[in-house]
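**Student:** Could you have a look at this structure, given as structure tokens, before my questions?
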Amino acid sequence: MTGAVDWSGTADAPAEAPRIASLVPSLTELLFALDLGAHVVARTGFCVHPREARRVRKIGGTKDPDLAALRSVSPTHLIVNVDENRREDVDAARAFVPNVVVTHPQGPADNLRLFALFGELFRRESPAGHLAARLRAALAEAQALTHALPRERVLYLIWRDPWMTVARDTYVSATLAHVGFDTVPAAAAKRYPPLDAADDAWRDADRILLSTEPYAFRQRDADALGKATNKPVHLIDGEWTSWYGVRAIEGLQALAAFRTRLSKHEP
């Protein structure tokens, strides 16, 4: 338990318990999974997992944190991410947060390094090791379930007006690739490229996946797009593909099961 951890340090170098602020929803969840919830003093409004996290003070969003509110809680550590947070906000926070932890996982296996990093930083090596073992098992299980299936090209949509997708150098695309979904377009100038009606990706895709985040696509959107494109279109939980940390374990398992169901033509 959190209270059982000795934060006293040594006589020469006393250590204070950390006060952690997180601007990354999936990593807020990881902090709680490592039994660090009592040390989380600030979060974004999108940090909704686990439920206990909702008791922590909100300080704005991932792209528009309230820096004055952040300063007021006197964090010792700030958790940020290259994709999810703005550099200018992070640079401003460096003026008053002693330790800024910058993360940038590129694929699901990179969560092993995240677990190790958080375990070492916050004296949670043992629970971090347990999470790593679970992730290794999920990575292997996902490959075992899907390795015999033919790879498919998918158009993974994250926004509309304009339509936007993901490039292959994103965490989302790497996660999908682990279960045999290769995102289109194969090459893109931007990591989250917009699409117009004439883009080849619409034609090249074997199926289309509509993510529930950041745009809140619904089943009616999938039904309408299926009629418009004459392609199979599926609504998919965006947390399966884009959340790192502990949720990556469940996400890999869910994606592998989803691919397996598709191969059997199950709804």
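The values are calculated or read from the model by the stated rules, or taken from the named source; none is laboratory data. Model, not experiment: these values are computed from the prediction. Cβ placement follows ideal geometry from the backbone for every residue including glycine, while neighbour counts extend to all protein chains displayed. The area values use the complete protein model at the heavy-atom level, side chains included, leaving out ligands, DNA and RNA. Shrake-Rupley method; radii C 1.70, N 1.55, O 1.52, S 1.80 Å.
**Student:** In segment 128-149, how many residues are assigned to a helix (DSSP H, G or I) and either more than 30 Å from A222 (Cβ to Cβ) or touching a Gly at 6+ places or on another chain (Cβ under 8 Å) (or both)?
**Tutor:** Total satisfying the criteria: 11.
**Student:** Still on this structure, please answer the following. Keeping to segment 2-30, report how many residues are at pLDDT below 95 and closer than 28 Å to I249 by Cα.
**Tutor:** As a first pass, look at segment 2-30 and keep what is at pLDDT below 95: 2-17.
So of that shortlist, the ones also closer than 28 Å to I249 by Cα come out as 2-5.
Here the count works out to 4.
**Student:** Something else now. Could you say which residue among V41, V100 is over 18 Å from I249 (Cβ atoms), in contact with a Lys or Arg (Cβ under 8 Å, 6 or more places away or on another chain), surrounded by fewer than 16 Cβ atoms within 10 Å (Cβ to Cβ) and of a type outside the set (D, E)?
**Tutor:** Answer to the selection: V100.
Conditions tested, residue by residue: (1) more than 27 Å from H265 (Cβ to Cβ); (2) within 16 Å of the chain's Cα centre (by Cα); (3) open to solvent by 40 Å² or more (accessible area, probe 1.4 Å).
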| site | (1), (2), (3) |
| --- | --- |
| P105 | yes, yes, no |
| F122 | yes, no, no |
| P127 | yes, no, yes |
| L131 | yes, yes, no |
| R160 | yes, no, yes |
| T183 | no, no, no |
| A188 | yes, no, yes |
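**Student:** Anything in segment 190-223 that is surrounded by 12 or more Cβ atoms within 10 Å (Cβ to Cβ), farther than 21 Å from L255 by Cα and among the hydrophobic types (A, V, I, L, M, F, W, C)? List them, or say none.
**Tutor:** Across segment 190-223, the qualifying residues are L195, A201, W202.
**Student:** Among the numbered criteria (1) open to solvent by 10 Å² or more (accessible area, probe 1.4 Å); (2) of a type in the set (A, V, I, L, M, F, W, C); (3) within 20 Å of S263 (Cα to Cα), which single criterion is violated by A142?
**Tutor:** (1)
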